[in-house]
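Derivation of every value follows stated rules applied to the coordinates shown; laboratory data play no part. Keep in mind that this is a model prediction, so the values were computed, not measured. Quick reminder, even Gly has a Cβ in these numbers, built from the backbone with ideal geometry, and neighbours come from all protein chains shown.
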Amino acid sequence: MAEQSLVFSFFLIFTGAAILATLALYTRQPLLVAYIVLGALLGPYGLSLVTDTALLADISHIGIIFLLFLLGLDMQPSHLLHMLKKATLVAIASSLIFMATGYGASLLFGFSQIEALIIGAALMFSSTIIGIKLLPTTVLHHRHTGELVVGLLLLQDVIAILVLLLLYSGNNEEQSGALAFLKTLAALPLMTAGAFLFVRYVLLRLLQSFDRFHEYIFLLALGWCLGMAELAQAIGLSAEMGAFVAGVTLATSPISQYIATSLKPLRDFFLILFFFSIGASFNLALVDAILVPSLVMTALVLALKPVVFRFLLIRISESKKLAWEIGFRLGQISEFSLLIAYLATSAALIGQEASHVIQATTILTFLFSSYLVIFNFPSPIAISDRLRKD
């Protein structure tokens, strides 16, 4: 029965997505909007046709892992290190500004100190999915833009992991929380070094020996990506970071572009599930209670993030045009914000209203930010033929 239920859920999701995507294309709307609206419509708070949203969210998480793996395959390690050094100050300064803004606004709406801190933390990050999915990857003159966006997102991921560790350790002893931080700080460079050695002495030799068997290359790439994701989680990092390291360590291989092309359809399959699960998990009954604070937070994010990123990027000698573009591309909050809301609610640190303010702000900034980007900057799903670039 469970298998039939999952198959029926997939039927509803992908058939519904195909129908709404068709309408979205005819009305020149971004496809992401169609997937989120479909989730709200079919999910447990809508028509209740798809009820196991926790399972779908777990499955869709694989899409984010594949997205980061493919991103890593496009990044040369030397370029990445240069960009991370350049973007560190921007990432830290912007995160502090966004947290302070969210904290102050939350206090004005009557949330407690701890709720205001967690809402502020949720506003610090930008979406890896939105930022990368709407970024052209094959156009040469966007290469520098892509490297800056990726560098900032990766640094934000590191900050997000530290925030999540704080939440994870909320129910543990103080010593275990301190040990978790130390382990995380040591884990990333050790995992990266080990991955480079494994790729050089094992993986590349296997690829060279059996490069005629495309099915084997596909399986080896999947195993490497998901294996590194699991390893990262086991040592206190995020699965996404493990997948990215897996991609970067393979980026210098001549087979990397073949792997990237092979995995793109699989990535898109899981990302549709991800956006559906966002819409489906939102409790529509709380809309009245959270509408005003969510709209205010959304307006603050959409107005403040482009301005802050523009100001900080100009300070590191980027052009005004590029600084504006990156600011708008990162002008939303993150899927990490949803995870922060879930963990904080589970640990009884915040109430349902604060949790749903974070969720609603995430969804709204996803939608409005997507509109701003696809109407004004080059992207694979741009409405204008002039701006549509893959």
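Among the listed pairs 133/305; 85/264; 264/321; 85/321; 86/305, give every one whose C-alpha distance is greater than 27 Å.
85/264; 264/321
With the cut-off at 1.5 for a/c, could you classify segment 25-163 from its C-alpha gyration tensor as rounded, prolate or oblate?
Here segment 25-163 falls in the oblate category.
Which of rounded, prolate or oblate describes the chain when judged by the alpha-carbon gyration tensor and an a/c cut-off of 1.5?
Judged from the Cα gyration tensor, the chain comes out rounded (a/c under 1.5).
Rank by packing, highest mean first: peptides 310-317, 269-276, with packing defined as the count of other Cβ atoms within 10 Å averaged across residues.
Going by the mean number of other Cβ atoms within 10 Å, highest first, we get 269-276, 310-317.
Return the calculated 222 nm mean residue ellipticity for the chain, to the nearest 500 deg cm²/dmol, obtained by summing -39500 (n - 2.57) across DSSP H runs with n ≥ 4 and dividing by the residue count.
That comes out to -26000 deg cm²/dmol.
So, R0 is 41 Å and r is the distance between the beta-carbons of residue 49 and residue 314; what FRET efficiency does that work out to, to 0.05?
Plugging the Cβ-Cβ distance into 1/(1 + (r/R0)^6) gives 0.25.
Within segment 188-249, list the trypsin sites (Lys or Arg not before Pro) lying in a DSSP loop whose Cβ has at most 16 other Cβ atoms in a 10 Å radius.
212
Show me 6-17, 55-66 ranked by packing, highest mean number of other Cβ atoms within 10 Å first.
In descending order of packing, they fall as 55-66, 6-17.
I need the shape label for segment 48-123. Rule: rounded when a/c is under 1.5, else prolate if a/b > b/c, else oblate, with a, b, c from the alpha carbon gyration tensor.
Cα axes put segment 48-123 in the oblate bin.
Which loop-located trypsin sites (Lys or Arg not before Pro) does segment 20-97 contain, where loop means any DSSP state but H, G, I, E or B and the Cβ has at most 15 other Cβ atoms within 10 Å?
For trypsin sites (Lys or Arg not before Pro) across segment 20-97 that sit outside H, G, I, E and B with at most 15 neighbouring Cβ atoms in 10 Å, the list reads 28.
With only Lys, Arg, Asp and Glu charged, each at its Cβ (+1 for the first two, -1 for the last two), find how big the charge dipole of the chain is about the Cα centre; round to the nearest 20 debye.
So the dipole magnitude of the chain works out to roughly 1360 debye.
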